[in-house]
């Protein structure tokens, strides 16, 4: 649904329609009352535009002015995004934290990485135990039960996007440092994440 936008003429027409009827309340554009209404509408137009903009600020994926408030309420910024993250990266991190349902499952790790802009798969391992392992299985130590591999692209590229990115941001950035930091921060404490790139 588009955000409603009202012009000064729309506001003036509403204001004049609310006035009483009669000869002492002329509605013509040259009348004093119409000119006063026109002077008052500039402030009303500004306020209605700001109120409409507030609808964008209530969503973490479209926020701009309230982004620091969203970050503060979600415990951000954190060191995973480095010293000067892009606006898109900051929004992605806010959205990922806001929409994260918690848990420590493989689907959660994949979904969390996707919300940050990374496409990953996860490989889990099991320890080789007599009576459970089958012929042809890879022999793994007991520590393998607490290890998983995150498979990702060698470099995930984030491009500058008109309407989303801001002036001064690089035209592209790449790397997986953010993904590594975020997954290491969210993984179960007793596990080891190994990162493999294709």
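We did not get these values from a lab; they are worked out from the coordinates using the rules stated. Predicted model, so just to flag it, every value in this text is computed and none were measured. Neighbour counts are summed over all protein chains in view; Cβ atoms, including those assigned to glycine, are modelled from backbone coordinates with ideal geometry.
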Inset, instruction - State the label only: which of (1) 19.1, 68; (2) 15.6, 46; (3) 27.7, 101 corresponds to Rg and Dmax of the Cα atoms in Å computed from the shown model? - result: (3)
Legend entry - Length-normalised contact order for the range 98-187 - Cα pairs under 8 Å, 6+ apart - percent: 26
Legend entry - Separation in nanometres of the label points that stand 7 Å from Cα toward Cβ, at residue 126 and residue 46: 6.8
Legend entry - Spin-label model distance (nm) - residue 83 vs residue 146, 7 Å beyond Cα toward Cβ: 3.6
Legend entry - Over the chain: helical MRE at 222 nm, DSSP H runs n ≥ 4 each giving -39500 (n - 2.57), nearest 500: -12500 deg cm²/dmol
Legend entry - DSSP bridge pairs, the chain: antiparallel proportion in percent, nearest 5: 55
Inset, instruction - Kindly state, to the nearest 0.05, the FRET efficiency for residue 171 paired with residue 8, given R0 = 45 Å and r defined as their beta-carbon distance. - result: 0.70
Inset, instruction - Could you calculate the FRET efficiency of residue 56 with residue 196 from 1/(1 + (r/R0)^6), where r is the beta carbon distance between them and R0 is 45 Å, rounded to 0.05? - result: 0.70
Inset, instruction - Kindly rank 41-51, 122-132, 92-102 from highest to lowest mean number of other beta carbons found within 10 Å of each residue. - result: 92-102, 41-51, 122-132
